[in-house]
1. Quick one: what are the phi-derived ³J(HN,Hα) couplings along segment 199-207, Karplus 6.51/-1.76/1.60 with θ = phi - 60°, whole Hz, x for glycine and proline?
2. Can you tell me the 0 to 90 degree angle between the C-alpha axis of helix 59-69 and the longest principal axis of the chain, rounded to 10?
3. May I ask for the angle, rounded to the nearest 10°, between helix 310-319 and the longest principal axis of the chain, with both axes built from Cα atoms and the value confined to 0 to 90°?
4. Would you calculate a helix-derived [θ] at 222 nm for the chain, using -39,500 (n - 2.57) for each DSSP H run of n ≥ 4 and dividing by the full residue count, to the nearest 500?
5. Taking N as the number of residues in segment 45-122, what is its alpha-carbon radius of gyration divided by 2.2 N^0.38 Å?
6. So, counting K/R as plus one and D/E as minus one, what does the shell of residues with Cβ under 13 Å around Glu280 add up to?
7. I need the shape label for the chain. Rule: rounded when a/c is under 1.5, else prolate if a/b > b/c, else oblate, with a, b, c from the alpha carbon gyration tensor.
8. Mind checking the angle between helix 81-93 and the chain's longest principal axis? C-alpha axes, 0 to 90 degrees, to the nearest 10.
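Just so you know, all these numbers are worked out from the coordinates, no wet-lab data involved. What you see is a predicted model, and the numbers here were worked out from it, not measured in a lab. Because the Cβ atoms are built from the backbone with ideal geometry, glycine has one as well, and the counts that use them run over all protein chains shown.
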Amino acid sequence: MNAPVTSLLREDLRDFGGYRSARSEGGHGRIWLNANESPWANAADGGARLRRYPQPQPEALRAALADLYGCRPEQVLAGRGSDEGIDLLLRALCRPGRDAVLVTSPTFGMYAVAARLHGTAVVDVPLCDDGAGFACDFDAVALAAERDDVRIVFLCSPGNPTGALIPLDEILKLAWRLQSRALVVVDEAYIEYAQAPSAISLIDAQDNIAVLRTLSKAHALAAARIGCVIAAPGLIAALQRCQAPYPLPAPCARLAQRALGAAARRRTAAGIDRIVAGRERMQVGLCALPGVTRVYPSRANFLLVRFARPQAALQALLEAGIVVRDLRHLPGLGDALRISIGTPAQNDAVLRALAGAAA
Ligand SMILES: *Cc1c(COP(=O)(O)O)cnc(C)c1O
């Protein structure tokens with residue numbers, strides 16, 4: 001029998017109860033005078049809905065997220081975007097100045113930023129760019145994780161900025177190999193666009209897997225700042241003890257709940273289909289342009305594109321008023337831009353601007 005994933009938590013936090021807020025203490029009563037709230041609403045707060053501190057994890061929202069992701073409510077921790085999830089995982093698992101996290105570059109920059117702020121070393125096992133695209137060397141990841149006291153392996157699937165999907169069986173094998181040593185975190189910010197199964201299905205079999213999901217991308221709610229960690233219930237409870245007492249502003253939680261209703265979910269699904277169609281069209285359109293040297297296959301809502309003359313391409317886009325992500329500062333991507341898929345008209349504008357640059 002293997003130790004449960006909670007054995008990976010920092011020893012010095014094992015008996016940490018977190019902050020006991022007025023809300024978490026609960027109780028029954030008619031007159032609530034335990035949280036120093038104002039008895040009157042603010043003039044700007046028409047419905048008087050903001051006078052009280054919010055629930056730390058609103059039950060209805062948690063249930064709606066569990067339903068959306070096909071897991072149990074006690075496996076879900078909602079927070080201020082997946083960014084907060086990354087930060088909580090680091091703080092709960094890594095001893096500052098001692099443990100390390102592992103990333104596979106090029107990847108999402110927030111893993112290294114959160115690690116740096118927490119005083120945690122970052123071990124990089126770069127992806128290999130073989131003929132088919134960027135791929136993870138899982139053997140090298142496992143060896144480096146075993147060698148360097150790595151507590152968290154951050155995988156991103158589909159990858160940002162690569163667009164590559166990681167096979168679930170590879171994630172499962174890696175987690176099995178690293179059990180009792182490290183947590184494998186799978187960031188699925190873009191999985192909706194891959195229309196592929198989530199690593200959430202692996203958690204019950206292998207409890208050292210955690211998944212990050214967000215409402216920021218496919219659900220079009222980036223400004224509401226709602227994301228989740230999905231993991232074994234024991235780990236979720238420990239992460240909540242490390243979280244701020246009232247992480248979810250009530251208006252954002254209410255909005256998120258509405259966004260997970262049946263009608264909104266149908267509209268979200270239709271939007272995903274349109275993005276996928278746009279991505280396939282842009283893949284073909286960009287490949288046909290003379291200045292484009294490579295378009296990576298993508299399962300996300302963006303394309304990673306290499307150019308013969310990247311500065312000229314960027315300039316042509318800027319002159320057309322189009323802003324894309326410049327990746328030229330990243331190792332091995334000195335000629336690359338990341339282009340998000342927009343509306344059909346926006347996508348056409350990109351192709352037109354780049355065709356003009358190449359002419
Ligand atoms: C956009 C993105 C996120 C989303 O972060 P939020 O804090 O939920 O908005 C997470 N991971 C990756 C890889 C991303 O690109």
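1. Result, rounded to whole Hz: 5, 4, 5, 8, 5, 5, 7, 9, 7.
2. So the inclination is approximately 30 degrees.
3. Taking Cα atoms only, the helix is inclined about 70 degrees.
4. The per-residue figure over the chain is -11000 deg cm²/dmol.
5. Normalised Cα radius of gyration, segment 45-122: 1.44.
6. +3
7. In terms of gyration-tensor shape, oblate.
8. 60
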